[in-house]
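S.K.: Please find one structure pasted underneath; my questions will follow.
The values are calculated or read from the model by the stated rules, or taken from the named source; none is laboratory data. Every value quoted in this text rests on a predicted model; they were computed, and no experiment measured them. Cβ coordinates were reconstructed from backbone atoms using ideal geometry, including for glycine residues, and neighbour counts include every protein chain displayed.
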Amino acid sequence: MIENENDNVKQILIPKPIPPDAQNWHDYSLKLQQEAPERIEDAAKFIATMISITLSIFFASLKNFQQSFANLNWLIFSLVCWLIALFCAFFVILPTKYKFVSKSADDIKRMQRSIVNTKKNVLMFTMLLYTVPFIILLIAYLTHQ
């Protein structure tokens with residue numbers, strides 16, 4: 001079919017009906033995004049608690065550890081890693097000032113993404129600093145036996 005330039009043919013698009021639960025899922029997704037910093041902070045609180053328990057056990061049985069390890073450098077390294085991990089966990093938990101334009105939804109979204117990414121990266125680093133000393137101490141202990 002050939003159309004003339006003078007013919008104004010308009011195609012009417014009829015949108016598909018939105019499923020009844022689509023709005024609920026959209027609201028749920030927005031809620032998850034908004035609560036992400038709080039969930040990350042909760043994880044940091046848990047890790048800070050675990051680090052504190054680990055340090056308590058570490059200091060309580062330090063004499064036993066000294067007898068089990070010929071080289072005390074691994075114990076010192078582990079202690080330093082756990083202390084740095086504890087400070088990093090506190091960094092995730094403590095509130096920080098962020099600059100943003102309060103009337104700009106895009107700026108608020110950008111700031112929220114920045115907060116989540118920063119806290120998530122510091123939390124991952126904290127978990128690494130918490131886990132690595134266990135592996136090193138286990139290897140040092142097994143090779144000393």
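S.K.: Condition (residue is surrounded by 15 or more Cβ atoms within 10 Å (Cβ to Cβ) and part of a helix (DSSP H, G or I)) applied to region 95-110: is it met by at least one residue?
M.R.: no
Quick grid of which residues meet (1) surrounded by fewer than 10 Cβ atoms within 10 Å (Cβ to Cβ); (2) of a type in the set (Gly, Ala, Ser); (3) in contact with a Cys (Cβ under 9 Å, 6 or more places away or on another chain); (4) within 25 Å of Met127 (Cβ to Cβ):
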| position | (1), (2), (3), (4) |
| --- | --- |
| Asp21 | yes, no, no, no |
| Trp25 | no, no, no, no |
| Ser29 | no, yes, no, no |
| Gln34 | no, no, no, yes |
| Ala43 | no, yes, no, yes |
| Ile51 | no, no, no, yes |
| Leu55 | no, no, no, yes |
| Phe59 | no, no, no, yes |
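S.K.: Yes or no: region 63-75 includes at least one residue that is in a helix (DSSP H, G or I), modelled with pLDDT of 75 or more and closer than 28 Å to Lys120 by Cβ.
M.R.: Within region 63-75, not a single residue is in a helix (DSSP H, G or I), modelled with pLDDT of 75 or more and closer than 28 Å to Lys120 by Cβ.
S.K.: Against the definition (of a type in the set (D, E, K, R) and either over 24 Å from Ala48 (Cα atoms) or over 13 Å from the mean Cα position of the chain (by Cα) (or both)), how does Lys103 come out, yes or no?
M.R.: yes
S.K.: Continuing with the same structure: Modelled with pLDDT under 80 and touching an Asp or Glu at 6+ places or on another chain (Cβ under 6 Å) - does that describe any residue in region 93-112?
M.R.: Yes, region 93-112 contains at least one residue that is modelled with pLDDT under 80 and touching an Asp or Glu at 6+ places or on another chain (Cβ under 6 Å).
S.K.: For region 82-140, give me the residue count where each residue is among the hydrophobic types (A, V, I, L, M, F, W, C), touching a residue at least 60 places away in the same chain (Cβ under 8 Å) and more than 30 Å from Ser56 (Cβ to Cβ).
M.R.: Residues in region 82-140 being among the hydrophobic types (A, V, I, L, M, F, W, C), touching a residue at least 60 places away in the same chain (Cβ under 8 Å) and more than 30 Å from Ser56 (Cβ to Cβ): 2 in total.
S.K.: Test Leu129 against the stated conditions and say whether it is at pLDDT 85 or above, surrounded by fewer than 15 Cβ atoms within 10 Å (Cβ to Cβ) and in contact with a helix residue (DSSP H, G or I) (Cβ under 8 Å, 6 or more places away or on another chain).
M.R.: Spelling it out, it is not the case that Leu129 is at pLDDT 85 or above, surrounded by fewer than 15 Cβ atoms within 10 Å (Cβ to Cβ) and in contact with a helix residue (DSSP H, G or I) (Cβ under 8 Å, 6 or more places away or on another chain).
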